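Chemist: Let me begin by handing over the structure; questions about it come next.
Throughout, read-outs are computed from the coordinates displayed, never taken from laboratory work. From a predicted model like this one, the values you see are computed outputs, not experimental measurements. Here the Cβ is made from the backbone with ideal geometry for all residues, glycine too, and neighbour counts use every protein chain on show.
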Amino acid sequence: MEKLLIKGGKKLKGKIRIGGAKNAAVAILPAAILSNDICCIDNLPNINDVRQLKNILLDLGAEVKQDHYSKMKIDATTINNVEALGERPRSMRASYYFLGALLGRFKKAAVSLPGGCNIGVRPIDQHIKGFEALGAKVTIEHGIVYAEADQLIGAPIFLDVVSVGATINIMLAASRAKGITTIENAAKEPHVVDVANFLNSMGADIKGAGTDVIRIKGVDQMHGSEYSVIPDQIEAGTYMLAAAATKGNVFIENVIPKHLESITAKLEEMGVQVEKYDDSIRIVGKDHLKRVNIKTQPYPGFPTDLQQPMTVLLSIADGTSIVTESIWENRFLHVDELKRMGANIKVEGRTAIIYGVKKLLGAEVKATDLRAGAAMVIAGLIAEGETLVGNLIHIDRGYEELEEKMNSLGADIRRIEV
Ligand SMILES: CC(=O)N[C@H]1[C@@H](OP(=O)(O)OP(=O)(O)OC[C@H]2O[C@@H](n3ccc(=O)[nH]c3=O)[C@H](O)[C@@H]2O)O[C@H](CO)[C@@H](O)[C@@H]1O
Ligand SMILES: C=C(OP(=O)(O)O)C(=O)O
């Protein structure tokens, strides 16, 4: 079993380049099958979720070429299967996008219920409600979601909750429906906009992505496209937090500062220096971190995917901070791990009360999920002594070359076999 061995106490310094956004890439790859043509996708992150999606595309019969991890050419003309079943779709969340994409193109899909991080109940009722509103019959049997329609007809859809996955999945299917679909109470995350831009580059007619009402005029055909995925907002935020936690000085390239406003604002409130440029950002850490309160919210609010790494900073901040997790009901599993390292945190339901301590001490901990993994790595970087992080399967699903990138900034992290 592989683990990360981290020798703490090094300040991160230097320059780092952010990769393509996981949560955009994992929707754009399935979206490529909406056309009976060839798509070339660039700026893909080097992560296991992308590798799994490539395998699913191959299982469906697509021809896929990938000379470098960041570029994939997908020939969707050869697809001859509408079923994505078994361990691959179950190993990740985003496999559910094959439902919307296959339904849009072939009006039929069968996809195993997805997996993904264990951060709370992760229903797909809003996805199903959307497909049904477009005229599909959806059933779930033996862990497989079946969706089928004679034809898809555009419809108004009001989401009961702001859901990234449902918004994107409905956009995928509705792109190839007859007539107009409106999604109200839509998610506004940068990856929702990126997927809409990709679909439009393939000939879809989508307006309003990035606002809470998206209007999709269905088209009969979509064509191939060349597209570059946006930089990863969450990876960028993770390095911002790591730089601030280690009191380092890190220049982060290939970011969209607008996407980082909520995290920038919180870091500034904590006394960290953040310099913003056109497509880069510099973090200059300070000796003392001030306490702040955090409430996770849909974009443009503070992203839930950065709540866990942020908890680590607050665990060594001056005073008491309160973190409220309003998206997922079980995203504090990392707290018990942080406590092993000396953090003083009390969780009450969806709230964590964090009493800042002077220092963390290295310990053996595990990544309970993807962003908890990043949190443990940051904790290891600032802890006194050695930290051993296990359960790397989660980190590898969504962080591109985490230890290599951290080490290029002066961290001391080794992947070891235990
Ligand atoms: C692959 C991907 O992009 N994953 C992200 C996506 O997950 P995902 O798309 O799964 O998250 P959603 O935005 O759908 O979920 C938000 C909330 O809506 C609820 N809900 C969702 C769908 C549904 O049909 N019914 C329902 O009740 C969920 O339980 C949750 O409380 O957005 C989350 C919120 O920003 C992020 O944490 C994940 O990193
Ligand atoms: C929760 C996440 O991922 P997923 O939805 O793929 O489980 C995440 O990216 O933080």
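Chemist: Compute the projected area of the convex hull of the Cα atoms of region 262-401, averaged over all viewing directions, and report it in nm² to one decimal place.
Modeler: For region 262-401, the mean projected area of the Cα convex hull comes to 8.3 nm².
Chemist: Hey, in the GNM for the chain with a 10 angstrom Cα cutoff, which one of ILE168, ILE353, ILE263 fluctuates hardest?
Modeler: Greatest mean-square fluctuation among the candidates belongs to ILE353.
Chemist: Which percentage, to the nearest 5, of the DSSP beta bridges contained in region 22-216 is antiparallel?
Modeler: Close to 75 percent.
Chemist: Could you work out how much longer the chain between GLU275 and ILE144 gets when fully extended? Use 0.36 nm per residue separation minus the Cα distance between them, nm to one decimal.
Modeler: So the extension gain works out to 42.4 nm.
Chemist: Continuing with this model, one more query. Two decimals is fine: what is log10 I(q)/I(0) at q = 0.07, 0.10, 0.12 Å⁻¹ for the chain, from a Debye sum with one equal scatterer on every Cα and no solvent?
Modeler: -0.32, -0.66, -0.93
Chemist: Holding the Cα-Cα limit at 21 Å, pick out from LYS71/LYS178; LYS107/LYS137; LYS73/LYS107; LYS178/LYS207; LYS339/LYS359 the pairs that are longer than that.
Modeler: The pairs that break the limit, which is 21 Å between Cα atoms, are LYS71/LYS178; LYS73/LYS107.
Chemist: While we're on this one: With a 10 Å cut-off between alpha carbons and a GNM built on the chain, which of ASN43, ASN23, ASN169 moves the most?
Modeler: Looking only at ASN43, ASN23, ASN169, the biggest GNM fluctuation is shown by ASN43.
Chemist: Under the 0.36 nm per residue contour assumption, what length would be gained going from the current alpha-carbon distance of ILE416 and TYR355 to full extension?
Modeler: Net length gain for the segment: 18.7 nm.
Chemist: Next up: Once you charge only the Cβ atoms, +1 for Lys and Arg and -1 for Asp and Glu, what is the size of the charge dipole of region 22-216 about its Cα centre, to the nearest 20 debye?
Modeler: Computed charge dipole of region 22-216: roughly 120 debye.
Chemist: While we're on this one: Share of antiparallel DSSP beta bridges in the chain, in percent to the nearest 5?
Modeler: Beta bridges within the chain, antiparallel portion: roughly 70 percent.
Chemist: Along the Cα→Cβ direction, 7 angstrom out, place labels at ARG17 and ASN46. What is the inter-label distance in nm?
Modeler: Roughly 1.1 nm, to one decimal.
Chemist: Between ASP67 and ASN407, what is the label-to-label distance in nm when each label sits 7 Å out along the Cα-to-Cβ direction?
Modeler: Spacing of the two 7 Å Cα→Cβ label points: 2.8 nm.
Chemist: What is the dipole size for the chain, taken about its Cα centre, with +1 at each Lys and Arg Cβ and -1 at each Asp and Glu Cβ, in debye to the nearest 20?
Modeler: 740
Chemist: Only counting other Cβ atoms within 10 Å, I'd like HIS223, HIS334, HIS394, HIS142 sorted with the fewest neighbours first.
Modeler: Taking fewest neighbouring Cβ atoms as first place, the list is HIS142, HIS223, HIS394, HIS334.
Chemist: Let me know the Rg and Dmax you get for region 1-73 when you use only its Cα atoms, in Å.
Modeler: Just the Cα atoms of region 1-73 yield Rg and Dmax of 16.1, 53 Å.
Chemist: Which semi-axes, in whole Å and largest first, does the equivalent ellipsoid of region 155-306 have when worked out from the alpha carbon gyration tensor as the square roots of 5 times its eigenvalues?
Modeler: Value: 36, 17, 9 Å, ordered largest first.
Chemist: Of all DSSP beta bridges in region 277-397, what percent run antiparallel (nearest 5)?
Modeler: Within region 277-397, antiparallel bridges account for around 55 percent of the total.
Chemist: What does the C-alpha gyration tensor say about the overall shape of region 256-320? Classify as rounded when a/c is under 1.5, otherwise prolate if a/b is larger than b/c, or oblate.
Modeler: Verdict is oblate for region 256-320.
Chemist: With an 8 Å Cα cut-off and a minimum separation of 6 or more residues, compute the relative contact order for the chain in percent.
Modeler: So the answer I get is 21 percent.
Chemist: Can you put CYS40, CYS117 in order of Cβ neighbours within 10 angstrom, beginning with the fewest?
Modeler: Fewest-to-most ranking of CYS40, CYS117: CYS40, CYS117.
Chemist: Give me the tail of P(r) for region 22-216 as a percent: Cα-Cα pairs with distance above 32 Å.
Modeler: It works out to 6 percent of all Cα pairs.
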